[in-house]
1. Examine the range B:344-364 for a residue that is farther than 23 Å from B:Y272 by Cβ, surrounded by fewer than 18 Cβ atoms within 10 Å (Cβ to Cβ) and of a type in the set (D, E, K, R), and state whether such a residue exists.
2. Out of all the residues in the range B:340-371, which are free of Cβ contacts under 8 Å to residues at least 24 places away in the same chain and aliphatic (A, V, I, L, M)?
3. Looking only at the range B:112-136, which residues are without any contact (Cβ under 8 Å) to a residue 40 or more places away in the chain and in contact with a Lys or Arg (Cβ under 7 Å, 6 or more places away or on another chain)?
4. Report, by residue number, each residue of the range A:126-159 that is more than 13 Å from chain B (Cβ to nearest Cβ) and either in contact with a Cys (Cβ under 9 Å, 6 or more places away or on another chain) or free of Cβ contacts under 8 Å to residues at least 24 places away in the same chain (or both).
5. Within the range B:112-149, can you find the residues that are within 11 Å of another protein chain (Cβ to nearest Cβ) and among the small types (G, A, S)?
6. Restricting the search to the range B:266-310, which residues are of a type in the set (D, E, K, R) and either surrounded by fewer than 21 Cβ atoms within 10 Å (Cβ to Cβ) or within 10 Å of another protein chain (Cβ to nearest Cβ) (or both)?
7. Cβ-Cβ below 7 Å, separation at least six or inter-chain, first residue in the range B:166-195 and facing chain A (nearest Cβ under 8 Å), second among the basic types (K, R): which pairs?
8. Can you give me the number of residues within the range B:97-148 that are buried (at least 18 other Cβ atoms within 10 Å of the Cβ), of a type in the set (G, A, S) and within 28 Å of the chain's Cα centre (by Cα)?
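The values are calculated or read from the model by the stated rules, or taken from the named source; none is laboratory data. Fair warning: this is a prediction, and the values are worked out from it, not measured in the lab. Every residue, glycine among them, receives a Cβ derived from its backbone with ideal geometry; neighbour counts consider all protein chains shown.
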Amino acid sequence: MRRLAYLAAGGMLWSLSVLAFANVPIGAVVENVSLPTLTGAPQNLLGDTNVSVFIFINPELAHSNQALAQIAACEKEMTGKPVHWSAVVSDRISRSKVEAEIKSVGLSMPVLIDQSDALYGKFGVVLHPVVGITDQNRKLIAYQPFAKVNYKAFICAQVRHALKEITDEELAEILKPTAAVLGGEASVAHRFLRLAEKQFQVKNYHQALANIQKSLEKNPTAAAHSLQGRILAAQEKSAEAAAAFEAALKLDPKDPAALEGNKGTKETAK
Amino acid sequence: MPQPENILDNGRKGIVRTHRRGFKGREIRTTLLSLLLLACGYVTLAADAKKDEAAPVAKMRKNDLTPIPDLQKPVSAHSPYQDGDCSLCHQNKDRTNPGAILKQVNALCLDCHDDFGKVMARKYSHVAARVNCVSCHNPHNAKQPKLLVEESGALCLSCHTTISNLVTNAKVKHDALTSDAKCMNCHNPHAANVEHLLTRLPFDLCVGCHGKDGIKDQDGKVLTNMKKLLAENPEQHGPVAGKDCSACHSPHGGNNFRLLTKEYPAQFYSPYDPKLYDLCFDCHEASVVKDAKTTTLTKFRNGDQNLHFVHVNKDERGRTCRACHEVHASKQKHQIRDAVPYGKTGYMLKVNFIQTATGGSCAQTCHLTRSYTNSVVPLAPKKTDSEQPKAP
């Protein structure tokens with residue numbers, strides 16, 4: 001089962017790894033560049049840290065705007081970790097517009113100015129926004145395009161994975177979360193079991209038995225058979241109780257209540 | 001001790017009242033105290049929820065939680081109530097005088113519904129469920145399945161008014177909202193691992209229906225089986241490869257064809273107008289079709305001559321994105337179409353696009369063979385009269 005989960009995680013990560021910049025595939029070494037920033041002083045695209053994250057954004061485009069706040073939140077969440085962050089914007093975009101957007105979302109990373117879209121062309125960016133992540137050897141290890149849903153979770157998970165804080169399996173679970181389906185028979189059965197337990201506690205044996213029967217019809221478990229045995233034993237129906245305990249032990253030979261109940265009914269029979 | 005009326009003014013007047021209702025031929029009087037405590041539980045939990053949430057907590061619904069008389073034929077009934085076990089939740093077993101509830105509402109529910117502890121621990125949970133189960137469920141019985149106080153779609157839309165307005169006023173409607181489980185086709189009303197309480201990521205939800213043959217739109221037009229299309233076409237558009245249908249489509253309804261979030265040209269030819277491409281320009285640089293010259297914005301250029309500009313940016317008969325690209329996926333790189341429609345008979349004319357290491361070519365389709373190179377040295381073939389573009 002665990003092996004299957006790993007295989008699924010691997011498959012998921014492989015399918016994501018086919019997404020990349022047009023000119024820089026996953027695994028390629030990214031050349032570091034120094035570019036002027038919004039504040040003037042030039043900054044490197046990549047840092048000497050374990051992980052570098054760079055984000056191509058265009059605050060004039062709707063999706064970049066939606067993404068900025070989430071990227072800023074992720075940057076904040078990662079404060080203190082060995083991550084070098086940088087954003088890249090084209091010099092075609094109004095500086096005041098960029099500054100206003102950056103300020104409004106509280107992005108604190110340096111914003112590099114891409115002159116004549118040279119870096120954009122070098123990477124073959126095509127879409128905005130897009131995030132690239134490199135390791136300490138400046139190898140591109142992740143590419144994350146924009147997503148309308150779960151974007152912050154995706155970015156943060158990719159960074160955590162790059163930092164080796166989460167495993168491949170954990171990353172895959174975030175990138176393709178387990179379906180949150182409603183209820184199901186097992187769930188309903190469990191509620192009947194809990195209700196029967198409560199009715200048993202207040203000695204409402206008749207209703208307790210009726211509800212445990214409903215539980216068993218939907219999902220026969222050792223716990224349900226065992227409770228059925230206890231209710232029947234309390235009603236002094238020893239033979240039926242013994243049969244219920246036996247049924248519980250067939251499903252779970254170590255069920256403590258069934259073991260004890262079984263012992264009790266045998267002693268009563270003696 | 002505050003007067004009940006003062007507490008009830010805290011937004012839950014509707015649920016707390018003394019009344020007479022028939023029950024198996026008898027009249028019962030629900031006590032004010034039991035429901036009053038319920039209301040107090042609500043107030044406490046709402047305050048807790050506010051602490052946890054950055055976003056403001058929506059005002060919860062005011063529901064009448066008294067039992068529905070059997071004469072009105074409830075559709076669902078809570079087992080303890082049906083069994084007459086009032087004391088599992090209330091102080092007394094007496095239906096005519098059940099007394100206060102034993103715990104705060106949600107704590108009481110979780111006593112039996114303890115599997116919901118795990119459900120509610122998911123990353124994203126519904127404020128209404130966190131605050132109070134009785135925001136949506138009647139703990140006794142109901143005229144709806146699952147003890148819901150109202151029909152499920154109407155129940156959701158009674159609070160989610162923005163969506164309600166969108167659904168009502170949208171020119172293009174999505175059947176998913178009105179068929180089967182309605183909102184719950186895509187959302188889990190309690191909690192989920194995906195934002196907006198989606199049960200799965202958008203793509204996985206969409207292909208649940210759009211991965212089948214024979215699905216039709218509201219006008220009866222058969223829609224593409226996306227699962228099949230993507231299986232047969234490996235070169236996928238970024239949002240498709242990223243499995244993010246909602247990047248381009250508005251699942252609740254909208255005013256653009258195919259539920260597109262913004263305008264996208266439906267025609268093959270169109271005079272260039274940036275507004276037509278609003279959808280594309282959410283992600284793609286407008287300059288890719290605005291700038292006549294570039295060496296960085298696109299690889300579809302002959303030297304520095306931007307061929308996107310050449311094709312699209314025309315006052316008349318500009319080629320729209322769909323003239324050359326498939327929007328979801330294709331067999332060729334860059335989602336280049338295999339063929340384009342020619343004439344009114346539905347005949348498909350092959351594009352014959354070939355990508356090379358330094359550029360590519362298109363042959364014998366809209367024009368005679370033309371190649372381009374995206375190195376800075378132009379290698380365009382000499383244009384002759386016979387190579388003038390012709391309409392597909």
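1. Scanning the range B:344-364 turns up at least one residue that is farther than 23 Å from B:Y272 by Cβ, surrounded by fewer than 18 Cβ atoms within 10 Å (Cβ to Cβ) and of a type in the set (D, E, K, R).
2. Scanning the range B:340-371 gives B:M348, B:I354, B:A357, B:A363, B:L368.
3. B:C112, B:H113, B:D114
4. Correct list: A:V159 only.
5. B:S125
6. Listed by number, the residues that qualify are B:D273, B:K275, B:D278, B:D282, B:E285, B:K290, B:D291, B:K293, B:K299, B:D304.
7. Pairs that qualify, where the first residue is facing chain A (nearest Cβ under 8 Å) and the partner is among the basic types (K, R), are B:A191/B:R122; B:A192/B:R122; B:N193/B:R122; B:N193/B:K123; B:V194/B:R200.
8. 4
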